[in-house]
1. Of all accessible surface on the chain at a 1.4 Å probe, what whole percent is carbon and sulfur?
2. Kindly provide the trypsin sites (Lys or Arg not before Pro) of segment 179-235 that DSSP labels as loop, not H, G, I, E or B, and whose Cβ sees at most 14 other Cβ atoms within 10 Å.
3. Taking all protein chains together and a probe of 1.4 Å, list Trp275, Trp117, Trp183 from the most accessible to the least accessible.
4. Over the chain, average the accessible area per residue using a 1.4 Å probe and give it in Å², no decimals.
5. Given a cut-off of 16 Å, what percent of all Cα-Cα pairs of segment 223-283 lie beyond it?
6. Remind me, what semi-axes does segment 1-59 give for its equivalent ellipsoid, largest first in whole Å, using sqrt of 5 times each Cα gyration tensor eigenvalue?
7. Would you list which lysines come within 23 Å of Lys228, measuring only between C-alpha atoms, while excluding same-chain residues fewer than 8 positions from it?
8. When the chain is treated as a GNM, springs tying every alpha-carbon pair under 10 Å, which of Val224, Val241, Val147 comes out with the largest mean-square fluctuation?
Amino acid sequence: MQYVTLNNGVEMPLLGFGVYQIPAEDTERAVFDALAAGYRLLDTAAAYGNEEAVGRAIKSSGVARQDLFVTTKLWVQDAPAQDNTRRAFETSLTKLGLDHLDLYLMHQPFGDVYGQWRAMEALNREGGARAIGVANFYPDRLIDLIVNNEIVPAVNQVETHPFFQRADYQDLMREHGVQIQSWGGFAEGRNDLFTNPLLTGIGEEYGKSAAQVVLRWLTQRGVVAIPKSVRAERMVENFDVFGFRLTDEQMARVATLDTGASLFFDHRDLKIVTWLAGRRLDS
Ligand code: NAP
């Protein structure tokens, strides 16, 4: 496995496993299979409703805690968010059966963002979260958070895939010491990604699938990827992406697929903002 070094020195695997939209009843088996396939970075969230199942899989896998990199995410909290954030963090830890996280992400740039971040800074200083970061922050919000707070987010997890590549944004993040992490690296299969002729054509040159080309392209750009699959054979396929290297010409060809626009949630779209910002978790 290759690693990236975050801005506070913490090492993070370049490739991990995401569990969004895996039903809680299937998650334990899926995560157990992913750990057996070799994944060591697990990405969940309070909002996914499957932290307990992730925790059970970690326990039954027998993989040593220090070999794992576990991320979960804080859902939107009302002001004043300091106490709520701490409670949400403790709830996530309890559900996961862990005594610390490797990465705690603010899931959305909404609610009492400053209160949430200050509480996360405290959790980081106390050692409860080895690194803290954000998700779905567009550049203006990311820079605002950086210039007005003490700890620079270690990671910004944003939609990044061949149809929405975020190359300029990656450069800006790099300038500020923020590691880009891709969510929806396969665009969840939208735009027929898995049969895209450009991607399958490149794959044929190496005996690889479009999925493997995408993961190779992301990680070769220095983007941390967390593909999701419930199928053990796809987990193995998606993990097997470090034995070949795309040429500059192939990287440039993939770059032509960029549309520059989200295929999912544009966090600047007022309908999306209103919907996401207003959603609260039950617990
Ligand atoms: P994704 O990884 O882009 O795509 C998952 C889809 O691809 C599933 O339908 C899966 O089907 C299929 N798939 C996986 N490997 C395949 C392969 N080798 N060949 C063909 N199909 C394949 O989608 P995602 O789950 O939305 O994103 C990845 C992770 O990012 C999430 O799990 C989550 O951890 C994170 N995320 C974060 C946010 C955020 O707001 N921070 C938002 C979305 C996602 P099967 O399962 O049937 O194999």
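The values are calculated or read from the model by the stated rules, or taken from the named source; none is laboratory data. In this text the structure is predicted, and so the values were computed from the model without any measurement. All Cβ positions, glycine included, derive from the backbone under ideal geometry; neighbour counts span all protein chains shown. All accessible areas refer to the heavy atoms of the entire protein, side chains included, with ligands and DNA or RNA removed. Shrake-Rupley method; radii C 1.70, N 1.55, O 1.52, S 1.80 Å.
1. Working: 5990 of 12130 Å².
Result for the chain: 49 percent of the exposed heavy-atom area is carbon or sulfur.
2. On the way: sites: Arg190, Lys208, Arg216, Arg221, Lys228, Arg231, Arg234; in loops: Lys208, Arg221, Lys228, Arg231.
Sparse-neighbourhood loop trypsin sites (Lys or Arg not before Pro): Arg231.
3. Values: Trp275 130, Trp117 0, Trp183 40 Å².
Order by accessible area, largest first: Trp275, Trp183, Trp117.
4. On the way: 12130 Å² over 283 residues.
Each residue of the chain exposes 43 Å² on average to a 1.4 Å probe.
5. Values: 1318 of 1830 pairs.
Summing the P(r) of segment 223-283 above 16 Å gives 72 percent of all pairs.
6. Values: eigenvalues 99, 35, 15 Å².
Rounded to whole Å, the semi-axes are 22, 13, 9.
7. Within the straight-line limit of under 23 Å, Lys228 reaches these lysines: Lys59, Lys73, Lys95, Lys208.
8. Its mean-square fluctuation being the largest, the pick is Val147.
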